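Read the structure below first, then the notes.
Laboratory data are not the source of any read-out in this text; all were calculated from the coordinates shown. Remember, it's a predicted structure, so these values are computed and weren't measured experimentally. Glycine gets a Cβ as well: all are built from the backbone with ideal geometry, and neighbour counts include every protein chain shown.
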Amino acid sequence: MKLSEFKANVDISDIDIVELRKRYGLHRKDLANLLNIPCRTIENWEYKMTKWPDQWKLMVAYVLYQEFEDGVKSNDDRGHSG
């Protein structure tokens with residue numbers, strides 16, 4: 001799915017970083033490594049010490065979708081499992 005399609009189907013006001021992490025079974029460090037950002041940034045967003053910018057909300061949700069859900073669907077479509 002392209003980012004423009006994803007953006008059209010997602011309400012970024014509903015995106016919560018803790019819920020996203022838990023949905024995909026990621027620890028803060030895992031998510032920070034995936035996004036190539038400091039773990040402290042994730043902590044700051046979670047504890048609302050700094051504002052989580054809307055463009056980052058969209059990007060994080062999209063990266064996780066691409067990494068976990070879209071990849072699984074692509075493998076399923078080709079007849080592969082896991």
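Here are some notes:
- For segment 33-44, 3J(HN,Hα) computed residue by residue from phi via the Karplus equation (6.51, -1.76, 1.60; θ = phi - 60°) reads 5, 4, 8, 6, 10, x, 4, 4, 4, 4, 4, 4 Hz, glycine and proline entered as x.
- Coarse-grained scattering of segment 3-74 at q = 0.16, 0.26, 0.29 Å⁻¹, given as base-10 log I(q)/I(0) from a Debye sum over alpha-carbon atoms: -0.54, -1.38, -1.58
- With θ taken as phi - 60° and the Karplus curve 6.51 cos²θ - 1.76 cosθ + 1.60 applied, the whole-hertz 3J(HN,Hα) list for segment 51-67 is 5, 8, x, 4, 5, 6, 4, 5, 5, 4, 4, 5, 4, 5, 4, 4, 5 Hz, x standing for glycine and proline.
- Applying the criteria of a DSSP loop state and at most 11 other Cβ atoms within 10 Å to the chymotrypsin sites (Phe, Trp or Tyr not before Pro) of segment 4-47 yields Y47.
- Loop-located trypsin sites (Lys or Arg not before Pro) in segment 1-60 whose Cβ has at most 13 other Cβ within 10 Å (DSSP): K2, K48, K51
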